[in-house]
Amino acid sequence: MQKIEAILQPSKLDAVKDALLEAGIEGMTILEARGHGRQKGHTEFYRGREYTVDLLPKVKIEIVVPDELKDKTVQAIIGAARTGKIGDGKIFVTRVDEAIRIRNDEHGESAL
């Protein structure tokens, strides 16, 4: 099993969710996040004063999939989230050794 974590622009969330559902991926956890990458935020003016916005709003999606769905899941996220501009986000893939469904004690891929 693989855990896929994607940090995205909030405006791309609906498109990514739709792409994942279309790819057959149903279970996901979505978190609101704040952070920055290389762009390190930006400056804005509010009521005549300049201030720095260094933690930008982001969305984090966490998905655990069987090994054979990893590439399909990653491609669905990339296809829906990419704008080609800085700040599109990142995808992290890590190995998951065990999954357990609390309700009925299922283990492994059947718990997904």
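The numbers here are math on the coordinates, done by the rules we state, and not lab data. Given the structure is predicted, the values throughout are model-derived calculations rather than measurements. FYI the Cβ positions are ideal-geometry reconstructions off the backbone, even for glycines, and counts take in every protein chain you see.
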Restricting attention to region 43-112, which trypsin sites (Lys or Arg not before Pro) occupy a DSSP loop and are surrounded by at most 15 other Cβ atoms within 10 Å? Arg47, Arg82, Lys85, Arg101, Arg103
Residues meeting the amide H criterion for Gln2 (H placed from the backbone, H to H distance under 5 Å, 5 or more places apart or on another chain) are Val65, Asp67, Val96
A correct Karplus calculation of ³J(HN,Hα) over region 94-107, with 6.51 cos²θ - 1.76 cosθ + 1.60, θ = phi - 60°, whole Hz and x for Gly and Pro, returns 10, 7, 10, 7, 8, 10, 10, 7, 5, 4, 10, 6, 5, 10
With an 8 Å cut-off on Cα pairs and a minimum separation of 6 or more residues, tell me the relative contact order of the chain in percent. 42 percent
Nearest 10 degrees, 0 to 90: helix 13-22 Cα axis against the chain principal axis: 20 degrees
So, R0 is 35 Å and r is the distance between the beta-carbons of Tyr51 and Arg95; what FRET efficiency does that work out to, to 0.05? 0.25
Non-local amide H neighbours of Val53 (under 5 Å, H modeled in plane, Pro and chain starts lacking H): which ones? His42, Thr43, Glu44
